[in-house]
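The values are calculated or read from the model by the stated rules, or taken from the named source; none is laboratory data. Computed from a predicted model, the values in this text were never measured in an experiment. Cβ atoms come from the backbone with ideal geometry, glycine included; neighbour counts cover every protein chain shown.
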Amino acid sequence: MAEKTVQIRIKRQASPQEGPRWEEFEIPYRPGMNVIVALRDIAERPVTVEGKSTSIVSYDANCLEEICGACAMIINGRPRQACTALIDKLEQPITLEPLSKFPIVRDLQVNRQRLFEDLKKVKAWIPIDGTYDLGPGPRESPEVQQEAYPLSNCISCGNCLEVCPQYNDHTTFVGAAVISQVRLFNLHPTGRMNEGERLEALAAPGGIQDCSYAQNCVKICPKGIPLTESIAAMGRAVIKHTVKKALGK
Amino acid sequence: MAKNIIIVGGGLAGLSAAIKVVEKGYSVDLFSVVPVKRSHSVCAQGGINAAKNLKGEGDSPAIHFDDTIYGGDFLANQGPVKRMCEAAPAIIDLLDRMGVQFNRTAEGLLDFRRFGGTLYHRTAFAGATTGQQLLYALDEQVRRFEAEGKVRKFEHWEFLSAVLDDAGVCRGICAMDLQSMEVRTFAAEAVIIATGGNGAIFGRSTNSIACTGSAQSALYQQGAIYANGEFIQVHPTAIPGEDKLRLMSESARGEGGRVWVPRDGKPWYFLEEWYPKYGNLVPRDVATRAIHKVVFEMGLGVEGQQAVYLDLTHIDAHELDVKLGGILEIYEKFVGDDPRKVPMRVFPAMHYTMGGLWVDDEHQATNIPGLFAAGECEYQYHGANRLGANSLVSCIFGGFVAGPSAVEYAKTAAKAEVPEQVFTAEKARQEAINQQFYSNEGSENPFVIWKELGNTMTANCTVTRYNNRLQETDAKLQELGERYRRVNLSDKTRWANQAFFFTRQLGNMLVLARVICLGALARNESRGAHYKPDFPERDDANFLKTTMAKHTASGPKLEYAAVDTSYIKPRPRKY
Amino acid sequence: MATATAETRAASHSHSFFWRRLHSITGVLPLGAFLIEHFASNAAVLSRHPRQNYGEQVKFLNGLPFVLALEILCIYVPLAFHGLYGLWITKQSEPNALRFSWWGNWAYTWQRISGIIVLAFILWHTWTARFSGVSLPDHPFQSFAKMQAMMANNWIFAWFIIGITTVCYHFAYGLFLFVAKWGIAIGNTARRYWTYACWIIFLVLAYAGLASALVFRNHWIYPIR
């Protein structure tokens, strides 16, 4: 019996200045493999299916348990984390491409800095007075905790932005992940004190109005965050805040 | 002169140090190989310890202190541990104020669960992704400071070395941009290292890819003392995988999970039988050795494989989702089975680096003036074995000490004008090393060397250690070091070359591996995570001492320092 | 360079929150309300004496006080804004329903396609029915015949079918979007029920519109006069 193998096609790009090209690899199959294992196999023997020596494939990865958010890429047409992409569940040849909504660095590596900058825009933090001992934090009901906790699971992978038709070079849209973070901080008893600032940031250019509710974000989110719910909730909050402010309240 | 402190590493320790430094009026240059939000701290699952005594059990920081010292088999210096345990409740309060979504009781107070090595509900938790939640809270505070211009982030930068002046004082660092591959030096009044553990030395572990120990090793090679390197924690329950051994948190047992193997057609709960007082919540080294015994000596691994069952199926599924959702999801995603319905198959895996850069008791200061260390990369809080849920608190506490200490140092240390030449020389030295890799024409593949390193270290330097095998391991490490000189970069480009960076890190891993191996070889006793069947007892007369490794051209030179046991007298460790 | 483009982008989006929300609400009020009124008036043909009743409707509407002002303020101005701003929004989007074929994404894509079709249809329909041929305000009882004559042409009739269906879709899905974006229904369950409600609104409107249109084709019962 011929040895079982895995076929992988990878879209490669040596630098932002150079054009993309495709390379194909064939590696031995083992049970339980994921895309990361496949990329490591290629690193151990960087030879294409035509027998041509090549460079190892660049990609971002860190925790390998889908909690750091680093290894997002497009696998068989779908943006997702490479670590949870099990070979057994993928159709072959497996195609790997970099996320397309972010500037390319090299191969499967992209620069997602815009996401972190947008978190600054909406002031995604609890403004505490200082780290000295001021006693316990505010009490919170288990119900509110159970509503907020899923929101705080966002790993900033960028998959929701990749699938969003409104997140592109024409707009400065902050995207679903960031809108959902505003909801998280506005749920917190202390964070609520500054909800106005965050809501105003969401009404600024690139804010929540750029969402046209294609609802792709919620379909792709690897952490199952209720993003469309967050957008609806923030839509209401921003309107309320804006109207109140316009009426001088 | 700019009032700035450099912090290398953006996990819990680095970020908490950064916050303290900024509060003291200094600015921070924060370096990290990954965006700080993706640091390995996110992987911590179960929780964070603090004796808040919110369950009416009579818990106190003194008992937390005793549990930690006892769990660490008395190897930790007691002063810092005592201060950490006393600070822990306030740290939880602070995190709570920062907005960490800890699980709550019906009254809206923090909920606590039990963890290994204690009889008290002492562990605050946010589902089973506590590390992630804590890191995010600190990340958000630092982002706020960044927006205010008080923190500059250098993400995707690799630390290469410290810049030391002629007097051996740390004046800054030399680092390399992972994209442009530019080598640059950065001046600072003090430097804090918070670069985490070194799991990559063991090939596969529960650690993230970035946990190579490369920075610690580079500093060790520049003269920093590396302490207790031989103490490596192997976590009893992880999901085996080819790329990573994924942690299955101790909280699974804290919430009632039971470990068993089939024997004579029936479940045998061997931990509960052998350790009736602590049951499934014995410390990690004890649980790990028990599992090894059951699997390797008694041949009772599940279906003859290297696995035991970790069983949650008797617990209500909704309760599991609320308290352990994150880790159940990991098991489902990577194994495909639902742990609410079938017992999980787990096996021990390298997990934590108890040893690390030596630091002093009071200031987290290394032996290099101006260089501080905090978090898993230093040695000080866990002795010979870390208790579950103590790592998060030690990282944050360490950062909270290191930050102000570095500022204090910056204020008081003599302000000599540092000649520019100190920086240019270090930069030239590092660029020469880089050039060496590019011009090498050998035949060795760094990834293959790494695989061999991991296999040999995991086989011989983890759970059970024999002197003859350690000697063989050291010989192997030296052989790998030789082969490393003949490494050929498959990729000689100078833009975002990951093969290059990995190769540089690998060199540092090989050096640090010898520290671990030879430290283990020299320590002829069994203590905490360090277990030698040929020397099964703890030997306080000879080895109640900190191993202090110094780098020399021919390898590590080991010295020993006395351990401070002024608060709790060492007693036999029997669970 | 990158920041410069970001700034230009930001500048072209200033006050976009206000304009986007205005765009959203004009689709419902007054345009949606007018659409319903228009379909209701047209439904006068679904009666025993369509020629007569239709004429009465046209006469009634043209007899309203300030009819021209009403027409301009409640129809033409909001229509021009909704249509033109809608085109600009469409230009900003990069639809990807072929790659990610979830229903919400298709609905999003169709909202843009239907918007363009509806704009073209309404311009044509307003021109041909209101501003050319027989003047309906002056001769309300000739309106039935005017429409009959137009729809006797198969191509024009087909164009009406397309126009009516897409305008119903655009309105019904717009209602869904309005409720979602303004946060009137936040929970997933509430939004799911509202989706069903919008489909029913679509079906009812499309039925009324298409049934009315069919009457104009019934030459054997109502010969063209």
Qualifying positions in the stretch A:1-15 - of a type outside the set (A, V, I, L, M) and at the interface with another protein chain (Cβ under 9 Å from one of its Cβ atoms): A:Ser15
Residues that are touching a helix residue (DSSP H, G or I) at 6+ places or on another chain (Cβ under 6 Å), within 8 Å of chain C (Cβ to nearest Cβ) and in contact (Cβ under 8 Å) with a residue 24 or more places away in the chain, drawn from the stretch A:213-227: A:Ala214, A:Asn216, A:Ile220
Tally of residues being part of a helix (DSSP H, G or I), touching a helix residue (DSSP H, G or I) at 6+ places or on another chain (Cβ under 8 Å) and either at the interface with chain A (Cβ under 8 Å from one of its Cβ atoms) or over 17 Å from A:Asp210 (Cβ atoms) (or both) across the stretch C:85-107: 5
Count of residues meeting criterion [in a helix (DSSP H, G or I), among the hydroxyl-bearing types (Ser, Thr, Tyr) and free of Cβ contacts under 8 Å to residues at least 24 places away in the same chain] in the stretch B:32-75: 0
Sole residue being within 12 Å of chain A (Cβ to nearest Cβ) and surrounded by 24 or more Cβ atoms within 10 Å (Cβ to Cβ), chosen from B:Val42, B:Val22: B:Val42
Selection from the stretch B:352-367 of residues that are within 18 Å of B:Glu559 (Cβ to Cβ), surrounded by fewer than 22 Cβ atoms within 10 Å (Cβ to Cβ) and not polar (S, T, N, Q): B:Asp360, B:Asp361
Close pairs (8 angstrom Cβ cut-off, 6 or more residues apart or separate chains): part of a loop (DSSP other than H, G, I, E, B) in the stretch A:92-103, of a type in the set (Ser, Thr, Tyr) anywhere: A:Lys101/A:Tyr167
Residue check for B:Phe543: without any contact (Cβ under 8 Å) to a residue 12 or more places away in the chain and surrounded by 11 or more Cβ atoms within 10 Å (Cβ to Cβ): no
Scope the stretch B:426-463; condition hydrophobic (A, V, I, L, M, F, W, C) and within 26 Å of B:Lys492 (Cβ to Cβ); matching residues: B:Ala428, B:Ala432, B:Ile433, B:Phe437, B:Phe447, B:Val448, B:Ile449, B:Trp450, B:Leu453
Output for the stretch B:293-323, where each listed residue is at negative phi, not in a loop (DSSP other than H, G, I, E, B) and not hydrophobic (A, V, I, L, M, F, W, C): B:Lys293, B:Glu297, B:Tyr309, B:Asp311, B:His318, B:Glu319, B:Asp321, B:Lys323
Filtered residue count, the stretch A:218-245, keeping only those that are outside any loop (DSSP other than H, G, I, E, B) and under 21 Å from the mean Cα position of the chain (by Cα): 11
Answer residue from the stretch B:73-104, given it is within 13 Å of A:Arg139 (Cα to Cα) and polar (S, T, N, Q) and is farthest from the other protein chains (Cβ to nearest Cβ) among those: B:Asn103
Flag for B:Phe186 being within 13 Å of the chain's Cα centre (by Cα) and of a type in the set (Phe, Trp, Tyr): no
Given (1) away from chain B (no Cβ under 12 Å); (2) free of Cβ contacts under 8 Å to residues at least 60 places away in the same chain; (3) surrounded by fewer than 24 Cβ atoms within 10 Å (Cβ to Cβ), number of the condition A:Thr131 does not satisfy: (1)
Residue list for the stretch B:335-380, restricted to those being at pLDDT 95 or above and part of a helix (DSSP H, G or I): B:Gly375, B:Glu376, B:Cys377
Search result, residues across the stretch B:140-162 that are within 9 Å of chain A (Cβ to nearest Cβ), buried (at least 20 other Cβ atoms within 10 Å of the Cβ), in contact with a helix residue (DSSP H, G or I) (Cβ under 8 Å, 6 or more places away or on another chain) and not in a helix (DSSP H, G or I): B:Lys153
Residue check, B:Asn508 in contact with a helix residue (DSSP H, G or I) (Cβ under 7 Å, 6 or more places away or on another chain), more than 25 Å from B:Gly71 (Cα to Cα), in the same structural domain as B:Ser443 (by TED's automatic domain parsing) and crowded, with 22+ Cβ neighbours inside 10 Å: yes
Residue among B:Pro283, B:Pro236, B:Pro262 that is touching a helix residue (DSSP H, G or I) at 6+ places or on another chain (Cβ under 8 Å) and surrounded by fewer than 20 Cβ atoms within 10 Å (Cβ to Cβ): B:Pro262
The stretch B:397-441: number of residues that are closer than 30 Å to B:Leu134 by Cβ and acidic (Asp, Glu): 1
